[in-house]
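Note sheet for the following structure.
The values are calculated or read from the model by the stated rules, or taken from the named source; none is laboratory data. Remember, it's a predicted structure, so these values are computed and weren't measured experimentally. Areas reflect the complete protein model, heavy atoms only, side chains present, ligands, DNA and RNA absent. Shrake-Rupley method; radii C 1.70, N 1.55, O 1.52, S 1.80 Å.
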Amino acid sequence: LAKRKQLSPCRSTFAAGAAAGTVDAWSHAILINAYANCGDGAGALKALGEMRACGHRPCVFSYTAALKAPCGEGNLEAASALLGEMEADFAGAAAEEAPAGAGRTDGGAVGRASGGGGSAVAGGDFMPSVRTANTYFRGCLVRGGAAEARALLGRLGTDGV
(Lines give C-alpha, C1' and ligand atoms only; values in the text may rest on other atoms or scores of the structure.)
Protein backbone atom coordinates (compact mmCIF):
# COMPACT_ATOMS: atom_id res chain seq x y z
CA LEU A 1 0.00 0.00 0.00
CA ALA A 2 2.83 2.41 0.82
CA LYS A 3 4.57 1.81 -2.49
CA ARG A 4 1.32 2.30 -4.39
CA LYS A 5 0.72 5.60 -2.59
CA GLN A 6 -2.48 4.37 -0.99
CA LEU A 7 -2.26 6.32 2.25
CA SER A 8 -5.84 5.88 3.46
CA PRO A 9 -5.87 2.06 3.19
CA CYS A 10 -2.38 1.97 4.72
CA ARG A 11 -3.54 4.04 7.70
CA SER A 12 -6.63 1.83 8.08
CA THR A 13 -4.54 -1.34 8.00
CA PHE A 14 -2.13 0.14 10.54
CA ALA A 15 -5.02 1.17 12.81
CA ALA A 16 -6.49 -2.34 12.63
CA GLY A 17 -3.09 -3.80 13.52
CA ALA A 18 -2.71 -1.38 16.41
CA ALA A 19 -6.16 -2.33 17.72
CA ALA A 20 -5.22 -6.01 17.50
CA GLY A 21 -1.88 -5.39 19.20
CA THR A 22 0.13 -6.65 16.25
CA VAL A 23 1.90 -3.42 15.24
CA ASP A 24 5.69 -3.60 15.42
CA ALA A 25 8.58 -1.37 14.40
CA TRP A 26 8.33 -2.51 10.79
CA SER A 27 4.62 -1.62 10.68
CA HIS A 28 5.51 1.90 11.84
CA ALA A 29 8.23 2.14 9.19
CA ILE A 30 5.78 1.20 6.45
CA LEU A 31 3.33 3.84 7.67
CA ILE A 32 6.08 6.50 7.69
CA ASN A 33 7.00 5.49 4.14
CA ALA A 34 3.36 5.75 3.03
CA TYR A 35 3.08 9.29 4.39
CA ALA A 36 6.35 10.30 2.73
CA ASN A 37 5.45 8.69 -0.61
CA CYS A 38 2.16 10.58 -0.59
CA GLY A 39 3.90 13.90 0.06
CA ASP A 40 2.63 14.28 3.62
CA GLY A 41 5.86 15.29 5.35
CA ALA A 42 4.12 16.37 8.54
CA GLY A 43 2.36 13.00 8.70
CA ALA A 44 5.66 11.15 8.17
CA LEU A 45 7.34 13.07 11.00
CA LYS A 46 4.32 12.60 13.26
CA ALA A 47 4.35 8.85 12.55
CA LEU A 48 8.08 8.78 13.36
CA GLY A 49 7.34 10.43 16.71
CA GLU A 50 4.50 8.00 17.38
CA MET A 51 6.84 5.14 16.61
CA ARG A 52 9.17 6.32 19.36
CA ALA A 53 6.25 6.96 21.73
CA CYS A 54 5.21 3.31 21.27
CA GLY A 55 8.67 2.20 22.37
CA HIS A 56 10.11 1.32 18.98
CA ARG A 57 13.49 2.69 17.93
CA PRO A 58 13.46 3.81 14.28
CA CYS A 59 15.75 1.91 11.90
CA VAL A 60 17.52 3.26 8.84
CA PHE A 61 14.43 2.56 6.71
CA SER A 62 12.19 4.59 9.06
CA TYR A 63 14.52 7.57 9.09
CA THR A 64 15.20 7.45 5.35
CA ALA A 65 11.47 7.30 4.62
CA ALA A 66 10.85 10.29 6.89
CA LEU A 67 13.78 12.09 5.24
CA LYS A 68 12.04 11.87 1.83
CA ALA A 69 9.49 14.51 2.76
CA PRO A 70 11.74 17.47 3.63
CA CYS A 71 14.20 16.51 0.88
CA GLY A 72 11.45 16.40 -1.72
CA GLU A 73 10.39 19.88 -0.65
CA GLY A 74 13.99 21.14 -0.70
CA ASN A 75 13.81 21.89 3.04
CA LEU A 76 17.46 21.17 3.83
CA GLU A 77 17.20 22.67 7.29
CA ALA A 78 14.59 20.09 8.33
CA ALA A 79 16.42 17.35 6.42
CA SER A 80 19.72 18.17 8.09
CA ALA A 81 18.06 18.22 11.51
CA LEU A 82 16.51 14.80 10.86
CA LEU A 83 19.80 13.43 9.56
CA GLY A 84 21.52 14.69 12.72
CA GLU A 85 18.82 13.08 14.86
CA MET A 86 19.33 9.82 12.99
CA GLU A 87 23.08 9.91 13.52
CA ALA A 88 22.69 10.67 17.23
CA ASP A 89 20.16 7.85 17.60
CA PHE A 90 22.45 5.41 15.80
CA ALA A 91 25.42 6.42 17.94
CA GLY A 92 23.31 5.88 21.07
CA ALA A 93 22.08 2.52 19.80
CA ALA A 94 25.60 1.38 19.00
CA ALA A 95 26.80 2.37 22.48
CA GLU A 96 23.87 0.59 24.13
CA GLU A 97 24.09 -2.61 22.15
CA ALA A 98 27.77 -3.13 21.37
CA PRO A 99 28.50 -5.19 24.51
CA ALA A 100 25.32 -7.26 24.15
CA GLY A 101 26.04 -8.06 20.50
CA ALA A 102 29.58 -9.26 21.13
CA GLY A 103 29.95 -12.91 20.21
CA ARG A 104 26.38 -13.31 18.93
CA THR A 105 25.93 -15.46 15.88
CA ASP A 106 22.82 -13.61 14.69
CA GLY A 107 24.72 -10.37 14.11
CA GLY A 108 22.86 -8.77 17.00
CA ALA A 109 19.65 -8.66 14.99
CA VAL A 110 16.62 -8.37 17.20
CA GLY A 111 14.59 -6.08 15.00
CA ARG A 112 12.33 -6.87 12.08
CA ALA A 113 13.87 -10.17 11.03
CA SER A 114 13.45 -11.79 14.43
CA GLY A 115 10.13 -10.13 15.20
CA GLY A 116 11.49 -8.28 18.23
CA GLY A 117 11.02 -4.61 18.92
CA GLY A 118 14.70 -3.84 19.37
CA SER A 119 17.30 -2.65 16.96
CA ALA A 120 19.95 -4.38 14.96
CA VAL A 121 23.04 -2.25 15.31
CA ALA A 122 25.52 -5.04 14.67
CA GLY A 123 23.35 -6.28 11.82
CA GLY A 124 23.50 -2.91 10.08
CA ASP A 125 19.99 -1.54 10.61
CA PHE A 126 21.41 1.46 12.42
CA MET A 127 24.00 2.45 9.86
CA PRO A 128 23.07 5.26 7.48
CA SER A 129 22.75 3.70 4.05
CA VAL A 130 23.56 4.78 0.52
CA ARG A 131 19.81 5.26 0.05
CA THR A 132 19.81 7.70 2.99
CA ALA A 133 22.63 9.67 1.37
CA ASN A 134 20.92 9.63 -2.03
CA THR A 135 17.68 10.87 -0.48
CA TYR A 136 19.57 13.76 1.11
CA PHE A 137 21.39 14.50 -2.16
CA ARG A 138 18.03 14.74 -3.96
CA GLY A 139 17.04 17.39 -1.44
CA CYS A 140 20.27 19.22 -2.20
CA LEU A 141 19.45 19.12 -5.91
CA VAL A 142 15.93 20.46 -5.33
CA ARG A 143 17.26 23.28 -3.17
CA GLY A 144 20.55 23.93 -4.94
CA GLY A 145 22.44 23.06 -1.78
CA ALA A 146 25.89 22.34 -3.20
CA ALA A 147 27.62 23.13 0.10
CA GLU A 148 25.40 20.69 2.01
CA ALA A 149 25.97 17.97 -0.60
CA ARG A 150 29.75 18.48 -0.45
CA ALA A 151 29.67 18.34 3.35
CA LEU A 152 27.86 14.99 3.31
CA LEU A 153 30.10 13.66 0.54
CA GLY A 154 33.13 14.52 2.64
CA ARG A 155 31.79 12.44 5.52
CA LEU A 156 30.66 9.37 3.59
CA GLY A 157 33.99 7.63 3.60
CA THR A 158 34.61 8.34 7.28
CA ASP A 159 31.13 7.29 8.43
CA GLY A 160 31.21 3.86 6.81
CA VAL A 161 28.62 4.51 4.09
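Return the carbon/sulfur percentage of the accessible area of the range 1-98, one whole number, probe 1.4 Å, all protein chains in place.
Exposed carbon and sulfur together represent 57 percent of the surface.
Cα centroid distance between the range 1-41 and the range 46-71, in Å?
Each part's Cα centre sits 12 Å from the other's.
I need the shape label for the range 1-53. Rule: rounded when a/c is under 1.5, else prolate if a/b > b/c, else oblate, with a, b, c from the alpha carbon gyration tensor.
Since a/c reaches 1.5 but b/c is at least a/b, the shape of the range 1-53 is classed as oblate.
Under a 1.4 Å probe, what is the accessible area of the range 1-85 per residue, stated in Å²?
Per-residue accessible area for the range 1-85 comes out at 46 Å².
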